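What follows is a short report on a single structure.
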Amino acid sequence: MNIALIGYGRMGHEIEKIAVDRGHNIGLIIDIDNQHDLNPEKLKGIDVAIEFTIPASAINNYKTCFDAGVPVVSGTTGWLDKWDEISDYCLQKNSAFFYASNFSLGVNLFFEINRLLAGLMKPFDTYNVEMTEVHHTKKLDAPSGTAISLANDIIEQYDQMTGWVNQSSDSKSILGIESVREGDVPGIHTIKYNSEVDYIEITHSAKSRKGFALGAVLAAEFSAGKKGLLTMKDLLNIDK
């Protein structure tokens with residue numbers, strides 16, 4: 001495949017290494033210094049774009065690629081208030097959009113464990129559920145997109161839960177998410193069901209960014225030639 005990398009930070013460099021190792025070509029690299037190169041002319045011959053940038057630029061990046069008929073794989077978080085706008089635009093342009101808050105295969109299996117555990121725990125009101133997420137100091141959004149996905153899956157299981165807050169919470173109706181930013185941590189997500197007598201805890205801890213990058217390249221391979229809205233459930237063949 002001929003891949004465009006939109007965003008050439010640490011993730012972009014890791015994605016490049018894995019893509020090349022898997023026999024793909026990087027036909028276009030877009031970073032902060034050459035954003036003007038993201039245009040229909042430069043996108044000719046590109047099979048798929050992998051986009052890891054910031055919320056402020058992601059929306060225009062998506063639309064430019066869709067206009068050029070290029071599928072997009074994106075892991076940018078913090079823009080989901082515009083999900084309907086982007087998904088509609090993708091479908092109108094008959095393109096493909098593969099979005100994931102986290103491309104790690106392990107994290108996506110963790111999502112499934114989280115949903116299962118939440119379903120098992122919801123009848124037992126003696127347990128209070130809480131979440132902590134830890135990331136590197138350069139991560140701009142808090143809570144992380146992964147934490148929000150985990151939280152929303154828990155909230156769906158609990159009739160009494162109305163939402164989440166980015167702080168600890170003693171309320172049964174509000175899920176508290178504590179965000180910690182320290183060092184160069186790739187990502188740690190912990191969900192804890194706590195009672196007076198015991199607690200049940202599940203954690204996913206990333207050892208490096210390589211798992212995220214590999215998942216993004218696998219998603220790009222999966223998306224090439226497809227149309228519509230795609231997720232990690234499609235890639236992993238997990239029932240929705």
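The values are calculated or read from the model by the stated rules, or taken from the named source; none is laboratory data. Since the model is a prediction, treat every value here as computed from it, not as a measurement. Here the Cβ positions follow ideal geometry from the backbone for every residue, glycine too, while neighbour counts run over all protein chains shown.
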Item to check | Failed criterion for Ser101 (all others in (1) touching an Asp or Glu at 6+ places or on another chain (Cβ under 8 Å); (2) part of a loop (DSSP other than H, G, I, E, B); (3) among the small types (Gly, Ala, Ser); (4) crowded, with 19+ Cβ neighbours inside 10 Å hold) | outcome: (1)
Checklist entry - Which of the following residues is among the basic types (Lys, Arg) and within 14 Å of the chain's Cα centre (by Cα): Arg209, Arg181? => result Arg209
Next on the checklist: Suppose we keep only residues that are under 16 Å from the mean Cα position of the chain (by Cα) and assigned to a strand (DSSP E or B) within the range 29-56. Which one would you say is surrounded by the fewest Cβ atoms within 10 Å (Cβ to Cβ)?
Outcome noted: Glu51
Checklist entry - Which one is surrounded by the most Cβ atoms within 10 Å (Cβ to Cβ) among residues in the range 137-186 that are in contact with a Ser or Thr (Cβ under 7 Å, 6 or more places away or on another chain) and acidic (Asp, Glu)? => result Glu178
Item to check | Residues that are more than 18 Å from Lys210 (Cα to Cα), assigned to a strand (DSSP E or B) and over 21 Å from the mean Cα position of the chain (by Cα), drawn from the range 1-28 | outcome: Asn2, Asn25, Gly27, Leu28
Next on the checklist: So Gly78 passes all but one of these: (1) part of a loop (DSSP other than H, G, I, E, B); (2) surrounded by 22 or more Cβ atoms within 10 Å (Cβ to Cβ); (3) not basic (Lys, Arg). Which condition number does it fail?
Outcome noted: (2)
Next on the checklist: What's the number of the only condition in (1) more than 30 Å from Val70 (Cβ to Cβ); (2) at pLDDT below 95; (3) in a loop (DSSP other than H, G, I, E, B) that Pro186 fails to meet?
Outcome noted: (1)
Checklist entry - Out of (1) within 22 Å of Asp198 (Cβ to Cβ); (2) in a loop (DSSP other than H, G, I, E, B), what's the single condition that is false for Asp141? => result (1)
Checklist outcome for this item: Of those in the range 57-70 that are in a loop (DSSP other than H, G, I, E, B) and out of contact with any helix residue (DSSP H, G or I) (no Cβ under 9 Å at 6 or more places or on another chain), the residue nearest to Gly225 (Cα to Cα) is Gly69
